[in-house]
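Here is the structure we will look at.
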Amino acid sequence: MEASWRFEYPKHVSFGCNQCSRCCGDTEYEVRHILLLKNDVERISKETLLEINNFSEEVTGSKPYIYEMRKTQNGKCFFLKNNLCTIYKIRPLICRFYPFQLRNFGNNNYSFSFTDRCPGIGMKPKLNEEFFESLFHQFMNAMERTQIP
Ligand code: SF4
């Protein structure tokens, strides 16, 4: 059956990650909360052989996200080593999305926005509908696999 959802996306934005790792932890401007879905922590735990509470802690009030990544003493993601993500292939959904966010306006209407605190915004390439469609499908797939208690 054809899905009835719709999403809006910014039409003239370009983005290229320069791997500065600003989004991987706190900066001088903000405290970053790397929120995690149940299936994020399960996947990471399975692949890294770490207990879930080794690298994350439970949070309330942010459903469907029910965990938050632990950070090191300098405020960086538990899995960031030498400025590189050590779980890149299995990284959380929220990291796949950054610097974009998806909001649900009800009735299956969604809208993408972005933060210009990411220095990759404005870099090439210009993003097209396929880019946002791919993100949107990743979100939908994650939601299907997530059972919110
Ligand atoms: S802040 Fe932006 S440019 Fe820097 S690592 Fe994150 S996504 Fe890439």
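Numerical summary
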| quantity | calculated |
| --- | --- |
| Calculated from backbone phi, Karplus (6.51, -1.76, 1.60) coupling profile of segment 136-146 in Hz, x at Gly/Pro | 4, 5, 4, 4, 4, 4, 5, 5, 5, 8, 9 |
| Contour excess over end-to-end distance, with Cα ends at N74 and S4 and 0.36 nm allotted per residue | 20.8 nm |
| Residues with amide H under 5 Å from that of S56, placed H, sequence gap 5 or more | R70 |
| Likely footprinting exposure, S4, S21, S134, fewest C-beta neighbours within 10 Å first | S4, S134, S21 |
| Under 27 Å, Cα to Cα: Lys pairs in segment 69-143, sequence gap 8 or more or different chains | 8 |
| Calculated diffusion of the chain, Stokes-Einstein form, Kirkwood radius summed over Cα pairs, 25 °C and 0.890 mPa s, µm²/s | 149 |
| Residues with amide H under 5 Å from that of F7, placed H, sequence gap 5 or more | Y110 |
| Most fluctuating residue given options K11, K126, K38, as computed from a GNM of the chain linking Cα atoms under 10 Å | K11 |
| Label-point separation in nm, E51 to R145, each point 7 Å along Cα→Cβ | 2.4 |
| Cβ-based exposure ranking for F79, F105, F131, in which fewest neighbours within 10 Å come first | F105, F131, F79 |
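Rule-based calculations on the coordinates, nothing more; no lab input. Just so we're clear, the structure is a prediction, and the values are computed from it rather than from any experiment. Counting neighbours? That spans all protein chains shown, and the Cβs are built from the backbone with ideal geometry, glycine included.
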